[in-house]
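Colleague: This is the structure I want to talk about, given as structure tokens.
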Amino acid sequence: MTESSQRWHCISQCGACCRLCPEERQEALSALSDEEQVTYLSMVGSDGWCIHYDSGGRRCRIYDHRPSFCRVSQLGQLYSVEDDSIDAFATACCRQQIRSTYGGRSLTLRRFNRAQRADSD
């Protein structure tokens, strides 16, 4: 399977995308509408993590009711990515966020890469 035909999927107990720190995520913040930016900024805790992130369980407490900008299905619209490229784009975004949050040699990044490879078999 080529990278452009790869299927993205989330892994459990990651949470890297819940690291909302605006200083580190300017590209994400600038892609949002003014109203979405207000919501985003209201979700940032003093430690830079989303206030709805359960750090012990490494999961979102409002997953079923999270804002649209927290949904991978919305990445294409936010960043003007074509539908046939969204999986590769989402995979690259996750890798970048996991690296910056947990490190390039982290167990989380290894689990993510392994999961993406398993999905392409």
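Colleague: Give the residues of the stretch 16-28 that are in contact with a Gly (Cβ under 9 Å, 6 or more places away or on another chain) and in contact (Cβ under 8 Å) with a residue 60 or more places away in the chain, sorted by residue number.
Modeller: Of everything in the stretch 16-28, those that are in contact with a Gly (Cβ under 9 Å, 6 or more places away or on another chain) and in contact (Cβ under 8 Å) with a residue 60 or more places away in the chain turn out to be ARG19, GLU24.
Colleague: Yes or no: the stretch 80-87 includes at least one residue that is farther than 28 Å from ARG117 by Cβ, more than 13 Å from the chain's Cα centre (by Cα), of a type in the set (A, V, I, L, M, F, W, C) and modelled with pLDDT under 95.
Modeller: No; the residues of the stretch 80-87 include none that is farther than 28 Å from ARG117 by Cβ, more than 13 Å from the chain's Cα centre (by Cα), of a type in the set (A, V, I, L, M, F, W, C) and modelled with pLDDT under 95.
Colleague: If you check CYS21, CYS17, which single one turns out to be part of a helix (DSSP H, G or I) and either at pLDDT below 95 or surrounded by 14 or more Cβ atoms within 10 Å (Cβ to Cβ) (or both)?
Modeller: CYS17
Colleague: Quick check on ALA92: is it on the phi < 0 side of the Ramachandran plot, out of contact with any Leu (no Cβ under 7 Å at 6 or more places or on another chain) and in contact (Cβ under 8 Å) with a residue 60 or more places away in the chain?
Modeller: So ALA92 fails the test.
Colleague: Among the candidates ALA115, ALA90, single out the residue that is in a helix (DSSP H, G or I) and within 13 Å of the chain's Cα centre (by Cα).
Modeller: That would be ALA90, the only listed residue that is in a helix (DSSP H, G or I) and within 13 Å of the chain's Cα centre (by Cα).
Here's the yes/no breakdown for (1) part of a helix (DSSP H, G or I); (2) within 13 Å of the chain's Cα centre (by Cα); (3) over 14 Å from TRP8 (Cα atoms):
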residue	(1), (2), (3)
GLN37	yes, no, yes
GLN74	yes, yes, no
SER100	yes, yes, yes
ARG110	yes, no, yes
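Colleague: Being at pLDDT 95 or above and surrounded by 11 or more Cβ atoms within 10 Å (Cβ to Cβ): is that true of GLY45 here?
Modeller: It is true that GLY45 is at pLDDT 95 or above and surrounded by 11 or more Cβ atoms within 10 Å (Cβ to Cβ).
Colleague: Which condition does VAL38 not pass, out of (1) more than 22 Å from ARG7 (Cα to Cα); (2) among the β-branched types (Val, Ile, Thr); (3) surrounded by 14 or more Cβ atoms within 10 Å (Cβ to Cβ); (4) out of contact with any strand residue (DSSP E or B) (no Cβ under 9 Å at 6 or more places or on another chain), if it passes all the others?
Modeller: Of the numbered conditions (1) more than 22 Å from ARG7 (Cα to Cα); (2) among the β-branched types (Val, Ile, Thr); (3) surrounded by 14 or more Cβ atoms within 10 Å (Cβ to Cβ); (4) out of contact with any strand residue (DSSP E or B) (no Cβ under 9 Å at 6 or more places or on another chain), the odd one out for VAL38 is (3).
The values are calculated or read from the model by the stated rules, or taken from the named source; none is laboratory data. All values reported here derive from a predicted model rather than from experimental measurement. Glycine gets a Cβ as well: all are built from the backbone with ideal geometry, and neighbour counts include every protein chain shown.
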